[in-house]
Amino acid sequence: MPAGTIETRSTFGGLTRGVEAQFMDVFDQTVSDYKAGYTNLFEVRSSQKERERFTGVAGPGNLVKKDEGDNFTRAARIKTYNTEFIPVTYGKAIEATMEEIEDVDFKEKLNAAKQLTRRGLTTKEKHVYQVFNDAFRTTDSLTGFPTMRYGDAVPMVSTIHPRKDGGTAQSNASATGIPLTEANINVARLAILAQLEDDGTPIDTTGRFLLLTSPALEKTAMEILKSDYRSGTANNDINFYKGANFDLAISKYLGASQGGSDTQWFLLMPEMTKLLVIDRKSLEARTSVDEDNLNVKYTVNARWAAGYWDWRGIWGSKGDGAAYSA
């Protein structure tokens, strides 16, 4: 601005609009560059409701032999447990002062806006993986990241999942905390294949398996799944997992430094699981001018819920060698 020029409301308004446009450019670029790591595990659904409710059904069971002239047996489906997803709002803001705008000295605030936008995206990712960090409990270890839970009143990974038909309770957990080994992955695989519906019939097990764990176990997992021969043996047995229907996912949010565990591991069949993220409002940015001080505020906010509405297709172990029953 030339020396001696009076800074009118319209002149400053033009400056603030330029600042707001730069903030929004930073937001758009940061969101475009970010790739969430959970989309191969969780279904993501948009919603316009205050809450979403899910109820499953089991049945109608196997066909029944019919003698000539007799009526067909009527099929009955069993209503399973309810799950309710209630999205929560998350957000934060930074400000560029009037003086910074006048002096065109807000580059650092643009860097802060980029970091804040990325934090909005990573906050959601941390919350989503918290579903697994709390898989062995029925309460939230981080109150700011609530897990929406299947209504059978036991943990997502449990040794005592009740059946709605009153049949024998089911387990999708290691009762002894078995560690991640080549042999134990097969234990988990067979356990998933043996899971039943609530009417006692086998689940429809289709699709690939996915091994999920923290960076502490990444090397072990890679050696098990990717070695040419069977890992951990002196023999040249073929590696059953290499080239078969096994994928690998690693997340730092499952590690001990992020409130998880460096020994826990999970096996999933993603096509079967009911892991879900409800996007009530995707991450968005807003700018506003405070008329009391003429500062420009940059705010990011979103509203989501994360959890599961059935436990089938999931198996887990704490990996610590300790007894577990819940």
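Looking across region 95-118, just one residue is among the hydroxyl-bearing types (S, T, Y) and either open to solvent by 30 Å² or more (accessible area, probe 1.4 Å) or under 12 Å from the mean Cα position of the chain (by Cα) (or both), and that is T97.
The C-beta contact set for region 77-90 (first residue touching a residue at least 40 places away in the same chain (Cβ under 8 Å) and under 20 Å from R45 (Cα atoms), second residue part of a strand (DSSP E or B) and of a type in the set (S, T, N, Q), distance under 9 angstrom, 6+ apart or interchain) comprises N82/T55; T83/T55; T89/N301; Y90/N301. Restricting attention to region 59-86, the residues being under 30 Å from R280 (Cβ atoms), open to solvent by less than 70 Å² (accessible area, probe 1.4 Å) and not charged (D, E, K, R) number 5.
The lone criterion from (1) open to solvent by 30 Å² or more (accessible area, probe 1.4 Å); (2) more than 26 Å from N111 (Cα to Cα) left unmet by S317 is number (1). State whether the residues of region 84-93 include one that is over 15 Å from the mean Cα position of the chain (by Cα) and among the basic types (K, R). There is at least one residue in region 84-93 that is over 15 Å from the mean Cα position of the chain (by Cα) and among the basic types (K, R).
For (1) at pLDDT 95 or above; (2) under 13 Å from the mean Cα position of the chain (by Cα), each residue gets a yes or a no:
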site: G120; (1), (2): yes, no
site: Q130; (1), (2): yes, yes
site: N133; (1), (2): yes, yes
site: T143; (1), (2): no, no
site: T147; (1), (2): yes, yes
site: V154; (1), (2): yes, no
site: H161; (1), (2): yes, no
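Can you work out which of the residues in region 7-36 that are open to solvent by less than 40 Å² (accessible area, probe 1.4 Å) and of a type in the set (S, T, Y) is modelled with the lowest pLDDT? Looking at residues that are open to solvent by less than 40 Å² (accessible area, probe 1.4 Å) and of a type in the set (S, T, Y), I get T16. T39 falls short on exactly one of the conditions (1) loosely packed, with under 13 Cβ neighbours inside 10 Å; (2) over 30 Å from F246 (Cβ atoms); (3) of a type outside the set (G, A, S), and that condition is (2). When the strands (runs of 3 or more DSSP E) confined to region 189-303 are screened for residues that are of a type in the set (S, T, Y), those reaching at least 1 such residues are found at 209-213, 275-289. Here is the figure for region 194-211: residues that are modelled with pLDDT under 95 and either open to solvent by 60 Å² or more (accessible area, probe 1.4 Å) or of a type in the set (G, A, S) (or both) total 6. Just one of the listed residues (A249, A175, A169, A188) is at pLDDT 95 or above, touching a strand residue (DSSP E or B) at 6+ places or on another chain (Cβ under 8 Å) and surrounded by fewer than 15 Cβ atoms within 10 Å (Cβ to Cβ), and it is A169. Filtering region 127-145 to residues that are under 26 Å from S171 (Cβ atoms) and either free of Cβ contacts under 8 Å to residues at least 12 places away in the same chain or part of a helix (DSSP H, G or I) (or both) leaves V128, Y129, Q130, V131, F132, N133, T139, D140.
The values are calculated or read from the model by the stated rules, or taken from the named source; none is laboratory data. From a predicted model like this one, the values you see are computed outputs, not experimental measurements. Cβ: placed from backbone, ideal geometry, glycine included. Neighbour counts: every protein chain shown. All accessible areas refer to the heavy atoms of the entire protein, side chains included, with ligands and DNA or RNA removed. Shrake-Rupley method; radii C 1.70, N 1.55, O 1.52, S 1.80 Å.
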